[in-house]
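First comes the structure, then the notes that go with it.
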Amino acid sequence: MPTKRPHDTNAEPPSRNLGAPRVPTSPGRYVTGGGITVDSSVTPLGDQRAEIDALVSRLDSERGCMFESSYEFPGRYARWTMGFVNPPLCFEASGRTFAIEALNARGEVLVAPVHEALSRCDAVEAISLSQTEAGAAVLRGSVKPPAAGFAEEQRSRQHSIFSLAEPMLGLYGAFGYDLTFQFEPIRPAQSRVAGARDLLLYLPDELLVVDIHTRGATARPASRRLLPDPSLDARPGPPSVGAWRLTYDFTVGGRSSAGLPRSGLALPYVPLPEVARAKKEFEVGNLFEVVLSQNFAEPCPDPPSAIFRRLRSRNPSPYGFLINLGPDRGVDGGGGGGQPEYLVGASPEMFVRDAKNIQTILADKKEESELTMCTDVDRNDKSRICEAGSVTVIGRRQIEMYSRLIHTVDHVEGYLRDGFDAMDAFLAHTWAVTVTGAPKPWAIQFVEDHEESPRHWYGGAVGCIGFDGCLNTGLTLRTVRIAGGFAQVRAGATLLYDSEPAAEEKETELKASAMRDAVLRPDPPPASLARIPAAASSSARVVLVDHQDSFVHTLANYLRQTGALVTTLRFGFEPAQLDALQPTLAVLSPGPGKPADFDLSRTIELMLGRKVPLFGVCLGLQGMVEHFGGSLGVLSYPQHGKPGSVRLTAAPGDIFAGCPAEFQVGRYHSLYSQRESHPACLRITAETTDGVIMGIQHAELPLAAVQFHPESILTRSDLGVQMLVNAANKLRF
């Protein structure tokens with residue numbers, strides 16, 4: 001949401017940076033308003049991929065955060081990456097109590113100025129300096145309760161744990177669901193663990209930043225800042241593209257962090273050793289009649305970094321993250337042991353159920369009502385703190401495509417009134433109607449009364465409160481919480497009067513599926529040409545039968561990537577041409593029309609008579625089905641240039657060796673094999689989620705085919721090549 005106002009009523013709205021860090025902070029020395037001397041440096045990253053990947057791995061055992069936008073949408077999302085490990089300070093809160101702990105010697109330098117700043121904060125009821133059991137400096141305190149008798153427009157200005165962030169700023173981490181009770185109190189109904197964290201924020205002094213689409217910086221006011229901005233330059237600068245490392249050293253009160261190690265306590269991730277025992281010790285939340293949310297739990301043998309990498313690869317999203325929250329000891333627990341807690345996520349703001357096509361979703365009245373309600377409540381949240389007339393819907397029912405879901409979005413903006421800042425905007429939206437309901441106070445109470453367990457981090461937010469007062473957060477929805485060797489995924493569905501319980505339950509399962517998949521299904525070994533046996537790749541001779549298709553040469557290109565010698569013949573070729581080539585494999589290309597238009601049955605007989613194995617693509621599959629006695633149907637909605645999700649059956653056959661159990665493909669077809677007449681000799685090896693046959697292999701003969709296009713840009717190129725490698729190597733008489 002925009003958090004800055006135009007300078008005057010005639011000013012143009014500020015440019016949207018879409019969360020991207022834009023340009024590096026200028027290096028040099030300066031003094032903050034809090035009296036801290038800061039020496040900043042900026043160095044370019046060499047191999048940015050290696051640097052970022054190493055940071056992700058370190059988060060398995062070291063505290064810190066990684067935030068990444070790997071999804072682009074015009075005017076809404078840009079791609080960027082920002083992360084750090086071993087921050088000097090940690091800010092935890094539980095209810096209205098808080099603890100600010102130095103995590104290393106560099107943090108010890110900052111404890112005194114933070115203590116001084118918070119001592120002047122009117123919201124602080126009590127604060128004291130002590131030490132943890134490990135000897136680290138820690139500030140402990142509490143926040144005053146809100147005053148009585150305030151106007152609703154001033155609700156976000158009342159005392160809360162967020163009041164502490166304003167004197168500090170520059171904080172990165174996670175905001176728990178229960179923080180909303182500081183803005184909108186409720187009647188507690190659930191049992192909560194004493195001291196459980198509602199908030200965990202870090203103050204880093206070294207960040208890695210990658211800005212894919214960098215924009216020029218614009219001046220930002222330096223109101224009430226304690227430390228410099230690690231990701232946004234306060235001075236104008238030229239556009240630049242790149243990746244950089246930002247580092248800061250602080251000097252205050254005769255102490256300096258210069259030369260001190262950027263270190264911290266390393267606690268490696270430890271999976272549970274006994275899965276059977278683990279399942280008995282952990283109970284999964286149930287789905288209620290109201291279908292508010294459902295909790296899934298699985299033992300998690302792989303480290304959090306592996307889960308993050310799988311999500312990043314399989315489910316690109318506008319807001320991906322990996323956060324090592326450190327041990328959850330409770331704010332009064334001292335510096336004892338305990339295993340780290342992690343959050344791994346990929347989170348757009350709102351989801352709708354998995355529709356077959358965009359037209360279906362746009363015509364769905366329930367979906368339209370749900371989004372309309374969400375937008376009206378969001379406009380209300382913004383109107384609490386925004387200038388009159390500035391709250392506008394600038395995009396209505398926009399479509400965004402994700403790996404397993406279609407996402408509809410209304411884009412709403414508003415400009416803050418004088419006297420309000422980004423923190424007010426954040427509080428006014430705790431939490432979004434998409435995770436609570438409307439009217440919001442009653443809906444929040446309903447969630448409290450009817451869900452079986454506290455939401456913890458689910459439904460809250462992750463992100464950063466910049467040193468310049470700007471805020472960049474994403475909802476904690478599609479998120480895996482890893483603690484004690486378990487991975488926990490929570491998902492909910494929005495209920496309206498016309499909701500269908502079975503459909504809502506299916507929606508929660510769908511929303512959780514990508515997260516659970518990342519936990520349960522490891523990535524297969526990378527498909528690469530190096531895995532192709534040299535003899536097989538060098539000796540393969542392929543005849544590609546062209547059925548007047550516009551993709552045949554891309555298919556030939558893919559075949560050549562396997563090392564095969566490829567000759568393309570237009571259908572109707574003379575048998576003598578085939579005899580001269582002596583192929584070891586024939587590939588039946590896609591094409592328009594029906595198999596009979598190209599006399600495909602003749603081609604199949606020709607190949608089988610010469611003991612040439614066959615692999616078919618699209619029309620090729622349809623030709624095999626008809627040749628062996630099956631019949632074809634016509635899809636109710638043609639799938640031309642459409643992405644589709646294909647899952648392997650229990651008998652995936654040779655063609656899919658090395659492929660994941662489910663993956664996206666490109667579809668270009670109107671015809672399909674009808675199950676009721678599908679030949680028994682052609683085993684079904686793959687299908688869509690709605691049951692359309694996508695792969696077949698003959699039970700005895702070396703014949704196989706796929707209905708989708710392995711050469712399409714919508715199909716992962718490595719998987720497309722892998723299927724052709726398998727066809728060349730495994731289909732033999």
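Results, tabulated for the structure shown:
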item	result
Under 5 Å, built H, 5+ apart or other chain: amide partners of His669	Gln639, His640, Gly641
Relative contact order %, segment 684-733, counting alpha carbon pairs below 8 Å whose residues are six or more apart	24
Sequence-distant residues sharing a close amide H with Thr568 (under 5 Å, placed H)	Leu544
Ranked packing of 479-485, 301-307, 193-199, 260-266, most packed first, by mean Cβ within 10 Å	479-485, 301-307, 193-199, 260-266
Local electrostatic count at Thr251 - Lys and Arg +1, Asp and Glu -1, tallied over other residues with Cβ under 11 Å	0
Cleavage-rule hits (GluC sites (Glu not before Pro)) in segment 676-716: DSSP loop, at most 11 neighbouring Cβ within 10 angstrom	Glu700
Net +/- balance of residues flanking Ile713 in space, Cβ distance below 15 Å, scoring K and R +1, D and E -1	+1
Selection of GluC sites (Glu not before Pro), segment 101-144, meeting DSSP coil and at most 12 other Cβ within 10 Å	Glu133
Fraction of beta bridges assigned by DSSP in segment 530-730 that are antiparallel (%, nearest 5)	60
Viscosity 1.306 mPa s, temperature 10 °C, Stokes-Einstein D of segment 530-730 from Kirkwood C-alpha radius, µm²/s	96
Under-5 Å amide H pairs with Leu89, H placed in peptide plane, nonlocal only	Leu103, Leu203
Normalised contact order of segment 593-665, rounded percent, pairs of Cα under 8 Å and 6 or more residues apart	25
Burial ranking of peptide ranges 572-580, 80-88 (average Cβ count within 10 Å, highest at the top)	80-88, 572-580
Sum of side-chain charges, Cys90 neighbourhood, beta-carbon under 10 Å (Lys, Arg +1; Asp, Glu -1)	-1
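Where a number appears in this text, it was derived from the coordinates with a stated rule and is not lab data. The shown structure was predicted, so the numbers you read here are calculated from the model rather than taken from an experiment. Neighbour counts run over all protein chains shown; Cβ positions are idealised from the backbone, glycine included.
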